[in-house]
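What follows is a short report on a single structure.
The values are calculated or read from the model by the stated rules, or taken from the named source; none is laboratory data. Bear in mind the structure is a predicted one, so any value in this text is a computation, not a measurement. Virtual Cβ from ideal backbone geometry, glycine too; neighbours counted across all protein chains shown.
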Amino acid sequence: MNQIELIKARHSVRSYLDKPIEAEKVEQLKAKIAECNAAGELHMQFCPDAGKTFNRVLNKFMGLGSAPSVIACIGKDEDDLEERIGYYGEQIVLFAQGLGLNTCWAGTFNPKNVPAEVGEDERLVIVIAIGYGVNQGKQHRSKDPEKVIASGGEKPYWFNYGVEMALLAPTAINQQKFLIDLKEDGSVTFADQGGIFSKVDLGIVRYQFEVGAEHAKAQGRLSRQ
């Protein structure tokens, strides 16, 4: 599956089978995480045993307590850390989808119980539940494109297709509190509108927009249509 197909196929999954991830897939995940860590200057880690990461009542009720493994999203505590976590973490999420695994970005967890190494100058921002889902999840309801495009007027196809992919991005409590704008010089800007984990969401959104826009451009879809 290509990145567009993975974006369309991937949905958040909260309930998991009691089935460990095979060693071969774990190695592939670790390699992808290492690649993203190097590119994003991060310290994300695959934790094969989720342990009591999701031991809170809310997570047990929502099913995340059944997730066998987690990816701990960690990095040096800098101003843009959360957005970088979203941008590179989503690449790992889509890679996992391609391996036949399911995932869920999870902001409600017990940080003391996450079995990962966090340096003194680092921060654990969020975790990603990962494993084999009981089901494949379902598509969330999305805002209309005009609600997330910052300026009016006709836009090129590649931009609109990027927005379409951005609207398929997972965001905290499906808030989709972001704006995307196309400037006169052809550059694209992204802004969050506040809310829980909105900066992580912005990184996820930015990556999926880029996938969509690049796909449209590769297909020669550049005109305003």
* Long-range neighbours under 8 Å by Cβ, at least six apart or interchain, first residue surrounded by 21 or more Cβ atoms within 10 Å (Cβ to Cβ) and β-branched (Val, Ile, Thr) within segment 95-115, second in a helix (DSSP H, G or I) and modelled with pLDDT of 95 or more -> THR103/VAL93; THR103/ALA96; THR103/GLN97
* Check whether at least one residue in segment 53-64 is of a type outside the set (Phe, Trp, Tyr), modelled with pLDDT of 95 or more and either crowded, with 21+ Cβ neighbours inside 10 Å or within 30 Å of LYS217 (Cα to Cα) (or both), and report yes or no. => no
* To do: Kindly indicate whether LEU167 is touching a Lys or Arg at 6+ places or on another chain (Cβ under 8 Å), at pLDDT 95 or above, surrounded by 19 or more Cβ atoms within 10 Å (Cβ to Cβ) and more than 29 Å from ILE128 (Cα to Cα).
  => no
* In segment 4-18, how many residues are of a type in the set (D, E, K, R) and at pLDDT 95 or above? -> 3
* Is it the case that ILE92 is touching a Gly at 6+ places or on another chain (Cβ under 7 Å) and under 14 Å from MET44 (Cβ atoms)? -> no
* Structure fact -> Considering segment 74-90, residues that are surrounded by 24 or more Cβ atoms within 10 Å (Cβ to Cβ) and without any contact (Cβ under 8 Å) to a residue 60 or more places away in the chain, and then whichever is farthest from PRO170 (Cα to Cα), we arrive at GLY75
* Structure fact -> The condition of being surrounded by fewer than 22 Cβ atoms within 10 Å (Cβ to Cβ) and within 25 Å of LEU167 (Cα to Cα) holds, among LYS25, LYS32, only for LYS32
* From VAL70, VAL127, VAL118, grab the single residue that is surrounded by fewer than 21 Cβ atoms within 10 Å (Cβ to Cβ), in contact (Cβ under 8 Å) with a residue 24 or more places away in the chain and of a type in the set (Val, Ile, Thr). => VAL118
* Of the residues GLY100, GLY137, which is in the same structural domain as ARG10 (by TED's automatic domain parsing) and small (Gly, Ala, Ser)? -> GLY100
* Asked: Within segment 1-93, which helices (runs of 4 or more DSSP H) (wholly inside it) include 1 or more residues that are under 21 Å from THR108 (Cβ atoms) and more than 17 Å from the chain's Cα centre (by Cα)?
  -> 57-62
* Which residue out of ILE204, ILE149 is outside the structural domain of GLU78 (by TED's automatic domain parsing), surrounded by fewer than 19 Cβ atoms within 10 Å (Cβ to Cβ), in contact with an Asp or Glu (Cβ under 8 Å, 6 or more places away or on another chain) and not small (Gly, Ala, Ser)? -> ILE149
